[in-house]
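A short reminder: the numbers here are calculations on the coordinates, not readings from a lab. Treat the numbers as computed from the prediction; the structure is a model and nothing was measured. All Cβ positions, glycine included, derive from the backbone under ideal geometry; neighbour counts span all protein chains shown.
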Amino acid sequence: MADVSKLAFSPEEYGQRLAAVRQKMRERGADVLVVDESEHIAYLTGYGPGGTRYMPCVIPLDGDPVMIVRSVDEAKFLEESWLGNYIAFGDWEDPIQVLLKTLQKQGLAGKRVALEMDSHYLTVKRYEAIKAGLPEATIVDFSKVLWELRLRKSPQEIIYLRKASSVVDAAMLNAIQAAREGVSERQLAQVVYSTYLSLGADNVPVGPITSGSRSGSLHGRLEDRRLQKGDILHMELTPKVNGYSARLMRPTSIGGPTKAQSEVAKRLVEFQDQEFAAMKPGVPAREVDKVCRGQVLAAKLRDTYTNSTGYTLGYIGTPMTSDFTRIFIPTSGWALEEGMVFHMYVNAQGIAFSETVLVTKGGHERLTKLERKLFVR
């Protein structure tokens, strides 16, 4: 078990999370749960696994959880996790067989076994192998449960999101100040990454940086292209602190914007500010989404609007780049709750703005604080 002082969260908070999961297990009639989604393993154990090998955590209704971990990652597990029980396996071993033996040893192989049926790690082949290895078990679908338990952030989670937001504000401003005619997208990425590390963020990708005719490609790849007069530079920066991601988009005009570009930027900020004002506990997400989406379309800033205007933020592991447990679209019937955190974004004609937003008791708080405008360099 890791040194308690180095844990991302207190043992008490991990214990509360485990208790909440076990309550959901009781509601679904499960005797044991196999957790394999990386975000959920980190949430419950503190250990953030990679996806190279299958590494599940076995959570019985009673008794200590058992982490099944690749031997080469044993040191990382011991450094990060509050758990004391684990089984390390070599690279020549089949982790599915290790899982089956663990369940058999605990007398759970013939019980009601819950699986995360919506997990990115539970491939069809793995599922079939588990099912074949547990012929007497009843498989229980545990989809959505942990995704939804993680929606409302604890005070400590919000602290990490605040720090990540301060990092992204600084990194964005440094990159904007470095942007000028002749500077390459890759050079700006270097500025961003250096800021991440110097301010205590995790070792993570920078985020999308595109320019010129590619500024409207929100997820475009980094290139060696050098900025030219008349370009719009798009940057979406995505640092993490202890795995918790804050996100920020800002547009920058190289050499000065056209009148039309200035007007688009101004109106996007106005529309999004109105959307933020609608973000309060109990308000249906579709009503929040309509505020911004409707005005963008009515103003004819876009011909179509097929993407969401926001989505869940929090701990982001591999292989995911975004968490769509909750998204803002016209059909979203779910309601906002205090403690939820979202990446809210709006874009049109190559210009995009986004913020990291916390839902508070009385409304919302924008965790990212950088000035909201079309910057000029």
R0 of 25 Å, Cβ-Cβ distance GLU263-GLN177: FRET efficiency to nearest 0.05: 0.50
Cross-link pairs beyond the 20 Å C-alpha cut-off, checked among LYS240/LYS373; LYS101/LYS125; LYS76/LYS105; LYS144/LYS280; LYS259/LYS373; LYS111/LYS131: LYS240/LYS373; LYS76/LYS105; LYS144/LYS280
Separation in nanometres of the label points that stand 7 Å from Cα toward Cβ, at SER322 and ALA278: 1.9
Virtual spin-label span in nm between SER10 and ALA132, 7 Å along Cα→Cβ: 4.8
Net length gained if the chain between VAL204 and LYS105 were fully extended (0.36 nm per residue, minus Cα distance): 31.8 nm
Whether segment 155-376 is rounded, prolate or oblate, judged on the alpha carbon gyration tensor where a/c under 1.5 counts as rounded: oblate
Dimensionless Rg over Rh [the chain; C-alpha; Kirkwood]: 1.02
Rounded Å value of the spacing that divides the Cα centres of segment 64-115 and segment 185-206: 35
Of all DSSP beta bridges in the chain, antiparallel share, percent nearest 5: 75
Sparsely packed GluC sites (Glu not before Pro) within segment 181-290, loop by DSSP, other Cβ within 10 Å at most 16: GLU181, GLU223
Coil-residue GluC sites (Glu not before Pro) of segment 112-166, DSSP, other Cβ within 10 Å capped at 16: GLU136
In order through segment 73-80: 3J(HN,Hα) via Karplus (6.51 cos²θ - 1.76 cosθ + 1.60), integer Hz, x for Gly, Pro: 9, 4, 4, 5, 4, 5, 7, 10
Convex hull per residue volume in Å³, alpha carbons only, for segment 278-377: 130
